[in-house]
Amino acid sequence: MVKVKEAAPSGLEHENVEDLKHYYYQMLLIRRFEERTSEMYVKAKIGGYCHLNLGEEATIVGLMAALKPEDYIYTNYREHGYIIARGVPPGPVMAELFGKETGVARGRGGSMHLFSREHNFMGGYAIVGGQVPLAVGAAYALRYQGKPGVVVAQMGDGTTNIGAFYESLNLAKLWRCPVLFFIINNGYGMGTSVEMGSSEPDLWKKGASFRVHGERIDGTDVLAVRDAVRRLRERAESEGEPAILDVVSFRFRGHSVIDADRYRDPEKVRAGREHHDPVRNFATLLLDHEIVDEAWLNVTAERVEREVQQAIDFANASPDPRFEDLYENMYATPVPNTPGREDALRAVRINRGEW
Amino acid sequence: MPIITYRQALNDTLGEELARDPNVLLMGEEIGVFQGSYRITEGLLQEFGPKRVVDTPIAEEGFVGVAIGAAMLGLRPVVEIMTINFILVAIDQVVNHASKIHYMFGGQVRVPLVIRTPSGGTGQLAATHSQSFENWFAYCPGLKVVAPATPYDARGLLRAAVRDDDPVIFIESLALYDTRGDVPDDDDYVVPIGVAEVKRRGEDVTVVAYSRMTAIALQVAQRLENEGISVEVVDLRSLRPLDRPTIIESVKKTGRAVVIAEDWYSYGVTAEIAATIQEQAFDYLDAPVLRVAGLEVPLPYAKELSAVSKPNANSLIYAIHQVLAGSSRGAPWAK
Ligand SMILES: Cc1ncc(C[n+]2csc(CCOP(=O)(O)OP(=O)(O)O)c2C)c(N)n1
Ligand SMILES: [Mg+2]
């Protein structure tokens, strides 16, 4: 992990105790949701590619704590935690991973393509960099319509090497779009380290050619993330000033649940999990400041355990999408000569060998 | 002859070509330290070092362009695009540059480049990760597009592609990587680009396929033999150039044809083949040609919904029965 300058020892006296407890609860919820998701993948309840937020809980909860309801979020495919922290209950999220009709994208999207219009969660995107220009476009629309709010373009460190990122930086600055380039710098894009992939490994500097301001933040410190986002969010909204946040965190496991993580030194991974565990570190902080006690931590753990189990039960009990709905939502405006229910059933019967 | 996997055939061939010609080099995401997203390049970084096996950042447009430029000066890059879905961010370099440079500059410079990439969908990878775009490249004059179905052809066509002086799009398939077949290890054979192969002789109906669909066609032919139906399987192996004579010769013999491909039905590869048959073997046909292809949706994630949206053995068997019955009801895969 890249070294981040020690922040001044944080006094928690200005903090709202209920907020602090809520951050902890949300981080633990993401932690357990992801651990159970990994179990469900092994049980073949979940298919396709599946990327976990383990180790990145503080980056997510810190971000969401600073955002307002009118803000929008575009993310990459490693987004289970984001949609949950944005307020979508874990049940429909797990149901999406299970490919169920009750899922947030009705089973059509899966782990990499979560979405909730209601929460301005504008999607997980699985083509690296794809979400970045979209987020700038959303910010452009806000400005155009004179609406409040900002847009977050979340991405990974590896994504800062793709062309779309640079074009987006340029356009965002040129057109004064209220967008935050929120880079989860977990040190790796698959097996490629930041140093291997980026000639400028200080990712926060990558906006320099475009006069886009950048900062590096300790992504294991939920309060540091929240405060930086708050500050830059404010400037983006009031001045149309985009910014890069280089949020340093530690990826606990392989790139996806099926990655054996052969390219990282196991000793470093072990040490990383021990020293950069945002959930455990935050629990320690809360205990040290006597904001919570062991009993509260236990009750919270039980609550989270129950909620994640309920999400799994909900997903298990939910129906699969129906075959006849295969062509549903193909077009928003219906036009003639497009297939419908009957066509779906006919083709499905044949493809299932039921003619 | 040793029996090896399609993956092994590719891996061995890449290793041999690197050893044979110092101008050959591999480029792509995760091909070295990570050992290849699908382990096609496993061990090659260790054997040949980082000058020959180049890990790239996630920058497809950039490194495909770099490979084209390097090819213009005599290197022979073999680029891996992790899956064909990600080639879209590089399509300008392939279509507007690689395919044009030799012809448009009056034949003064060559672009000896191979782009290897798996196409198609398996395992619930959902809409953005399950597509077949080989027809986009087969459409483009100046490119060569090959799509081997067996380990033998994978090896022979990869050799041909690496030694060819034009840009070759080499289509693989995740579902084929673990399939096995005979591959001679002592013989430096090459499978010619632009030549199809009758993979199985039959009398009653011709099935035209390539890549994973050839594997399915061969299984179906085997099954139908027990029902007394004799299926001839033409494996295209190359989409551009397209070996029309081999298709036509087969259809003239059987009088019936089914064309199967994994891409979407409308405007896909099957349309080109069916049109060719109609133009060149019309008088020989005893039934309309039927096309089997993907249902026209962004592939849904949900397991069952995903599975029924791709062509498979059931769809092919249905189509063969329709064609044998002389049906002109048309294909059920689209409106
Ligand atoms: C255009 C494109 N190229 C390649 C891929 C394959 N791929 C998926 S994730 C990934 C690594 C991304 O790394 P990073 O941006 O650091 O995000 P992280 O996974 O670490 O969150 C790659 C190469 C892709 N999905 N899209
Ligand atoms: Mg990363």
- Using distinct alpha-carbon pairs, which all enter the 1/r mean, Kirkwood radius of the protein assembly as shown in Å: 27.0 Å
- 222 nm [θ] for chain A, helices only, -39500 (n - 2.57) per DSSP H run of 4+, per residue, to 500? -14000 deg cm²/dmol
- Note on the structure: To the nearest 10 degrees, the tilt of helix B:212-225 (Cα long axis) against the first principal axis of the alpha carbons of chain B is 30 degrees
- Quote the FRET efficiency, to the nearest 0.05, computed for B:Met104 versus B:Lys51 with a Förster distance R0 of 51 Å and r equal to the Cβ-Cβ distance. 0.95
- Query: Helix B:6-20: angle to the longest alpha-carbon principal axis of chain B, degrees 0 to 90, nearest 10?
  - Reply: 40 degrees
- Query: Arranged from highest to lowest average of other beta-carbon atoms within 10 Å per residue, in what order do the peptides A:94-101, A:231-238, A:18-25 appear?
  - Reply: A:94-101, A:231-238, A:18-25
- Extension gain (nm, one decimal) between A:Ile258 and A:Lys43, 0.36 nm per residue minus Cα-Cα: 76.1 nm
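Using protein heavy atoms only (no ligands, DNA or RNA), what is the total accessible area buried between B and A, 1.4 Å probe, nearest 100 Å²?
Details: alone 14250 and 17200 Å², together 27630 Å².
Roughly 3800 Å².
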- Task: Place a label point 7 angstrom from the Cα of A:Asn170 along the Cα-to-Cβ direction, then list the residues of region A:210-226 whose backbone nitrogen is under 11 Å away.
- Result: A:210
- Note on the structure: GNM on chain A, Cα springs under 10 Å; top mean-square fluctuation among A:Ser199, A:Ser168, A:Ser249 goes to A:Ser199
- Message: What do you get for the angle between helix B:244-254 and the principal long axis of chain B? Use alpha-carbon atoms, 0 to 90 degrees, nearest ten.
- Response: 20 degrees
- State which entries of B:Lys199/B:Lys252; A:Lys68/A:Lys205; B:Lys253/B:Lys335; A:Lys173/A:Lys205; A:Lys21/A:Lys45; A:Lys21/A:Lys68 exceed 23 angstrom in Cα-Cα distance in the structure shown. A:Lys68/A:Lys205; B:Lys253/B:Lys335; A:Lys21/A:Lys45
- If unit charges are put on Cβ atoms (+1 for Lys and Arg, -1 for Asp and Glu) and the dipole of chain B is taken about its Cα centre, the option from B:Gly326, B:Val233, B:Pro167 lying farthest towards the positive end turns out to be B:Gly326
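Please calculate how many Å² of accessible area chain B carries per residue, with a 1.4 Å probe and no DNA, RNA or ligand atoms counted.
Heavy-atom SASA per residue in chain B reads 37 Å².
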- Other chains near B:290-301: what is the mean number of their Cβ atoms within 10 Å of each residue's Cβ? 5
- Shielding by partners, peptide B:307-314 (average Cβ within 10 angstrom, other chains): 4
- Query: Which residues of region B:20-39 bury at least 40 Å² of accessible area once all protein chains are present, versus their chain alone (1.4 Å probe)?
  - Reply: B:Glu30, B:Val33, B:Phe34
- Item | Residue among A:Ile291, A:Ile73, A:Ile84 with the largest mean-square fluctuation in a Gaussian network model of chain A, springs linking Cα atoms under 10 Å | A:Ile291
- Restricting to region B:197-324, compute how many DSSP beta bridges are antiparallel as a %, nearest 5. 20 percent
- Note on the structure: Packing-ranked peptide list from A:120-128, B:10-18, highest mean Cβ count within 10 angstrom first, is A:120-128, B:10-18
- Task: Go through A:148-160, A:341-353 and give me the packing order, highest mean Cβ count within 10 Å leading.
- Result: A:148-160, A:341-353
- Surface share of carbon and sulfur [accessible, 1.4 angstrom probe, percent] for region B:3-182: 57 percent
- Between the chain alone and the structure with every protein chain in place, find the residues of region A:178-207 that drop at least 50 Å² of accessible area; heavy atoms, 1.4 Å probe. A:Met190, A:Met196
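Going by a ≥ b ≥ c, the root eigenvalues of the Cα gyration tensor, does chain B fall in the rounded group (a/c under 1.5), the prolate group (a/b larger than b/c) or the oblate group?
Details: a/c = 1.69, a/b = 1.67, b/c = 1.01.
Verdict is prolate for chain B.
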- Query: When the dipole is taken about the Cα centre of region B:189-307, and only Lys, Arg (+1) and Asp, Glu (-1) are charged at their Cβ, what size is it in debye, to the nearest 20?
  - Reply: 260 debye
- Restricting to region B:3-182, compute how many DSSP beta bridges are antiparallel as a %, nearest 5. 15 percent
- Query: Nearest-5 percent of antiparallel DSSP beta bridges in region A:17-321?
  - Reply: 10 percent
- Query: GNM on chain B, C-alpha springs below 10 Å: top fluctuator among B:Asp185, B:Asp243, B:Asp166?
  - Reply: B:Asp185
- Message: Averaged over its residues, how many other protein chain Cβ atoms are within 10 Å of peptide A:156-167's Cβ atoms?
- Response: 3
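The values are calculated or read from the model by the stated rules, or taken from the named source; none is laboratory data. Just so you know, these numbers come straight off a predicted model, no measurement behind them. Neighbour counts are summed over all protein chains in view; Cβ atoms, including those assigned to glycine, are modelled from backbone coordinates with ideal geometry. Heads up: the accessible areas ignore ligands, DNA and RNA and are worked out on the full protein's heavy atoms, side chains in. Shrake-Rupley method; radii C 1.70, N 1.55, O 1.52, S 1.80 Å.
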